[in-house]
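Enquirer: Please see the structure below; I have some questions.
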Amino acid sequence: MRFASLASGSKGNCLVVEAGATRVLLDCGLAPRETERRLQRLGLVPAELSAILITHEHEDHAGHAFAFAALHGVPLCLSYGTRAALEEAGKTNAAAEFRLIDGRSAQALDGLEVRPFTVPHDAREPVQFVFSDGASRLGVLTDIGASTAHVEATLSGCDALVLECNHDLPLLWGGGYPKWLKERIAGPFGHLDNGAAERLLGALDRTRLQHVVCAHLSEQNNRPELARAALARALGCDPDWVGVATQDEGFGWRDLR
C-alpha cells in the first residue's frame, strides 16, 4: 500500500491511497481540472480511480466531489448527513453514483478495506478513515476539534498517520481573525492545534509507525517547523523525519512495507 497527497489545507484537500490495482481519493476539494493535473503529477488518471471517499461537506473537502465524480464516472462514498448537507447547498449532481457509509461499518473496495470512524467536528455527520490492505494500516485524521477515546483506540497501532496540525495557539489568538472565528477554530468541534496533536499522538500505540505526516496546516496560523517539532516531541525523533502535507504540493508517494 502507498499514499500521497494532492493538496492539504483550507483551499482544498485531496489524498490518494493505493493498494494493488485499487486507488481511491479521500476528499475532493480542488476543481476537477486541477485534480486531474495533480493526479497526473503522481502518474495517475481519473479512470484508474475505484472510488472517492468524503469526510464531510465543507467546501475544502467536498466542494467539487459530485462534479468530479459525474465527470469521470467514479462512485462516491459518503455519510447520509454529508450527502444531505451537500444537497441542501446545491453541490450534488444527479449523474454521480454514490454509496452511503456510516462511522460504524467497514467497507471493502476491491483490495482495500476502508474503515470510517466518527469525530467531533462542526459538520453534519463527519467521519475520518483508516485504510488497510491486510498487511498495513494507514490512519487519516484531518478535521477534528478534540481527541476522544474512540479516535485514539481506532488509530493506535497504525503503520502510517496523516494527522491534523491546524494551528499554533499563540499565532491563532494573536492573529487577525475575528474573535468568533478564532473560537470556532480552537473549540471542541473545530481543528487540532499543534499541542493537541502532540498529545493525541503521544496517547497512541506508535510501535508500528513508518510514516507520520502533519496535515491541514493553516497558512496564517501555523508554521511547518512548529507542527513538525510538536509531533517529533511525541515520537522522540528528529523533526525532519516528520512529513508535512502542503497546500500547493501535498506530498509525494509514501510506501508501506
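Enquirer: Condition first: among the basic types (K, R) and in contact with a Leu (Cβ under 8 Å, 6 or more places away or on another chain). Now tell me which residues in the stretch 176-224 satisfy that.
Expert: K182, R206, R223
Enquirer: Of the conditions (1) surrounded by 16 or more Cβ atoms within 10 Å (Cβ to Cβ); (2) at pLDDT 95 or above; (3) under 20 Å from V17 (Cβ atoms), G73 clears all except one; give me its number.
Expert: Checking G73 against (1) surrounded by 16 or more Cβ atoms within 10 Å (Cβ to Cβ); (2) at pLDDT 95 or above; (3) under 20 Å from V17 (Cβ atoms), the one that fails is (1).
Enquirer: State which residue is nearest to R257 (Cα to Cα) when the search covers only the stretch 1-42 and only residues that are in contact with a Leu (Cβ under 6 Å, 6 or more places away or on another chain) and part of a loop (DSSP other than H, G, I, E, B).
Expert: It comes out as M1.
Enquirer: Of the residues that sit in the stretch 199-257 and are basic (K, R), outside any strand (DSSP E or B) and in contact with a Gly (Cβ under 9 Å, 6 or more places away or on another chain), which one is surrounded by the most Cβ atoms within 10 Å (Cβ to Cβ)?
Expert: It comes out as R228.
Enquirer: Another question about this same structure. Quick one: R99 ticks every box in (1) without any contact (Cβ under 8 Å) to a residue 24 or more places away in the chain; (2) closer than 16 Å to A62 by Cα; (3) assigned to a strand (DSSP E or B); (4) out of contact with any Phe, Trp or Tyr (no Cβ under 9 Å at 6 or more places or on another chain) except a single one, so which number is it?
Expert: Here R99 meets the rest and fails (1).
Enquirer: Report, by residue number, each residue of the stretch 135-152 that is of a type outside the set (A, V, I, L, M, F, W, C) and surrounded by 18 or more Cβ atoms within 10 Å (Cβ to Cβ).
Expert: Those that are of a type outside the set (A, V, I, L, M, F, W, C) and surrounded by 18 or more Cβ atoms within 10 Å (Cβ to Cβ): S136, R137, G139, T142, D143, G145, S147.
Enquirer: Next question. Return the pair list, or none, for Cβ contacts closer than 7 Å from residues in the stretch 7-34 that are at positive phi and surrounded by fewer than 21 Cβ atoms within 10 Å (Cβ to Cβ) to residues that are in a loop (DSSP other than H, G, I, E, B) and at pLDDT below 95, at least 6 apart or on different chains.
Expert: Every condition considered, the pairs that remain are G20/G111.
Enquirer: So which residues in the stretch 120-150 are touching a Gly at 6+ places or on another chain (Cβ under 6 Å) and closer than 17 Å to D205 by Cα?
Expert: Across the stretch 120-150, the qualifying residue is only V130.
Enquirer: Condition test on E48, is it at pLDDT 95 or above, charged (D, E, K, R), more than 18 Å from the chain's Cα centre (by Cα) and under 21 Å from A108 (Cα atoms)?
Expert: On the way: at pLDDT 95 or above: yes; charged (D, E, K, R): yes; more than 18 Å from the chain's Cα centre (by Cα): yes; under 21 Å from A108 (Cα atoms): yes.
So E48 fits the description; yes.
The values are calculated or read from the model by the stated rules, or taken from the named source; none is laboratory data. Values in this document were obtained by computation on a predicted structure and should not be read as measured data. Here the Cβ is made from the backbone with ideal geometry for all residues, glycine too, and neighbour counts use every protein chain on show.
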